[in-house]
Amino acid sequence: LDTSLTEVNMAEVLYIDYGNIGIVPITSTRTLPSSLLALPPLAIQCSLFDCLALGEATTTAFRGLVKKRCLLLEMMVRKEVLEVDLIREVRDNMGYTSVRDVLVLSGKAVFYSSPYTTIPNVEEKKYKQLPSLMDGSVHTVMLSHLHKLSHQQLPQLSVQLLSDKDKLALQLPSLMDQMGEVYGVKRSEELWGLGRCWPGMVCAVRDSRDKMWYRGEVGSIVKGRMVRVKYVDFGNTELVPDHKLRRLFKDFMVLPAMATRVSMEVKVEGAEVMAMLKEGIDLVDLNMKIVKEGSEELLPMVELKVEGNSVNNRLKQFVC
């Protein structure tokens with residue numbers, strides 16, 4: 001309440017559930033009952049991250065981009081006034097676009113710090129995890145990646161569960177198709193490039209061989225702009241330039257990370273045995289029994305069967 005206006009019986013009022021300010025007659029105001037005071041204000045004051053308006057034209061353009069639209073809010077910097085980006089859906093096969101970037105690219109606003117500043121992924125997002133594999137449980141799985149032989153000479157592999165009740169692995173192709181539509185546009189790097197990244201950061205990554213987009217997690221910054229990224233749905237790790245990484249939207253994080261890494265309790269030696277193992281279990285449904293439950297330090301130990309035949313026993317015979 002602006003007491004300087006009381007002489008003319010008018011009040012400046014902040015509408016705490018909408019954020020706007022109005023001048024109203026004092027006779028139009030009432031004291032809120034205690035039951036309504038218990039409700040927190042619904043309006044959250046925000047500003048567009050690293051974006052400087054150029055006058056009324058910016059306001060007009062901004063209003064046209066956001067009015068009567070459902071938007072996704074990406075928080076960039078947590079301050080008293082949140083610094084955010086607003087993400088809107090569009091119909092030209094781009095899927096999503098940044099309101100801030102549209103304003104800048106159309107000449108209605110400028111970057112506050114530098115015209116080359118991109119939106120960093122500052123949220124500490126984490127993938128959902130599949131339930132732990134219990135000792136003695138049996139699952140139908142498919143090989144997604146065979147890892148290099150460990151120093152203990154125990155074969156390690158990543159698998160996708162096929163027998164879970166929700167059939168989550170069967171939803172992965174559709175998710176990847178959606179990612180391809182969103183990130184496969186001409187200005188993808190300009191719109192969704194990370195700017196910077198760090199170990200543990202979730203991302204979308206474009207594979208250089210099949211040109212498809214995958215869900216990833218940054219493992220380490222190797223040298224310069226080269227990043228080691230884990231493909232969380234398949235288990236393999238690749239070295240990629242950071243310009244092939246994109247900000248991963250929450251819509252693409254509904255599914256948990258699909259790759260489960262396990263180990264076989266059979267010591268083997270040499271690339272030939274590993275090649276034989278891959279040939280025997282690739283592209284087929286596998287019966288996987290948990291022999292020893294895993295922990296934070298140790299992978300689950302498993303026995304694999306193909307059409308009732310034990311892969312573990314076959315490896316033992318081959319090694320002997």
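Excluding Ser295 itself, what net charge comes from residues whose Cβ is under 14 Å from its Cβ, given Lys and Arg +1 and Asp and Glu -1?
That works out to -2.
What percent does the relative contact order of the chain come to when contacts are Cα pairs within less than 8 Å and at least six residues apart?
15 percent
Mean residue ellipticity at 222 nm from the helices of the chain, using -39,500 (n - 2.57) per DSSP H segment of n ≥ 4 over the full residue count, to the nearest 500 deg cm²/dmol?
-5000 deg cm²/dmol
What list of whole percents do you get for P(r) of the chain, with Cα-Cα distances grouped in 20 Å bins up to the one holding the largest distance?
Per 20 Å bin, starting at 0, the Cα pair percentages come out as 25, 42, 24, 8, 1.
If I compute solvent accessible area with a 1.4 Å probe over the protein chains, what percent of it on the chain is carbon and sulfur?
On the chain, the fraction of accessible area on carbon and sulfur atoms equals 54 percent.
Taking the Cβ of Phe318 as the centre, find all other residues whose Cβ is under 14 Å away and add up their charges (Lys, Arg: +1; Asp, Glu: -1).
Residues close to Phe318 contribute a combined charge of +1.
Calculate, in nm to one decimal, what Lys267 and Lys186 gain on full extension: separation in residues at 0.36 nm each, minus their alpha carbon distance.
My answer for the length gained is 24.3 nm.
When 1/r is averaged over all different Cα pairs and the result inverted, which Kirkwood radius in Å belongs to segment 253-320?
13.3 Å
Grab the beta carbon distance between Asn309 and Arg228, set R0 = 45 Å, and tell me the FRET efficiency rounded to 0.05.
Taking R0 as 45 Å, the efficiency between Asn309 and Arg228 is 0.80.
Using only Cα atoms, what Kirkwood radius does segment 143-263 have, in angstroms?
15.1 Å
Suppose each label sits 7 Å from its Cα in the direction of the beta carbon; what would the Asp135-His151 distance come out to in nanometres?
2.7 nm
Which of the peptides 302-311, 146-155 is most tightly packed, and how do the rest follow, judged by the mean count of other Cβ atoms within 10 Å per residue?
Per-residue mean Cβ counts within 10 Å order the peptides as 302-311, 146-155.
Relative to the first principal axis of the alpha-carbon coordinates of the chain, what is the inclination of helix 56-66, with its axis defined by its Cα atoms, in degrees from 0 to 90 and to the nearest 10?
50 degrees
With a cap of 10 neighbouring Cβ atoms within 10 Å, and only residues DSSP puts in a loop, list the GluC sites (Glu not before Pro) found in segment 124-230.
Glu124
Please identify, among Met276, Met176, Met201, the residue showing maximal mean-square fluctuation in a Gaussian network model of the chain using a 10 angstrom Cα cutoff.
Met276
Please list, or write none, the lysines whose alpha carbon is within less than 25 Å of the alpha carbon of Lys316, excluding same-chain residues fewer than 8 places away.
Of all the lysines, those that pass the test against Lys316 - Cα under 25 Å, at least 8 places apart if same chain - are Lys148, Lys267, Lys278, Lys289, Lys292, Lys305.
Roughly what would the spin-label model give for Val66 and Leu283, points 7 Å off Cα along C-beta, in nm?
Distance between the two pseudo-spin positions: 5.2 nm.
With a 1.4 Å probe and every protein chain left in place, work out the accessible area per residue of the chain in Å², rounded to a whole number.
Accessible area per residue, the chain: 61 Å².
Give me the Debye-computed log₁₀ of I(q)/I(0) at q = 0.09, 0.14, 0.16 Å⁻¹ for segment 189-320, equal point scatterers on Cα only, no solvent, two decimals.
-0.37, -0.80, -0.93
Picking from Arg261, Arg209, Arg100, which is most flexible by a Gaussian network model of the chain using Cα springs under 10 Å?
Arg209
With +1 on each Lys and Arg Cβ and -1 on each Asp and Glu Cβ, how big is the dipole of the chain about its Cα centre, in debye rounded to the nearest 20?
460 debye
The values are calculated or read from the model by the stated rules, or taken from the named source; none is laboratory data. A quick note: this is a predicted structure, and the numbers were derived from the prediction, not measured. For neighbour counting, all protein chains shown are included, and Cβ atoms are generated from backbone atoms with ideal geometry for every residue, glycine included. Heavy atoms of the whole protein, side chains included, go into the accessibility calculation; ligands, DNA and RNA do not. Shrake-Rupley method; radii C 1.70, N 1.55, O 1.52, S 1.80 Å.
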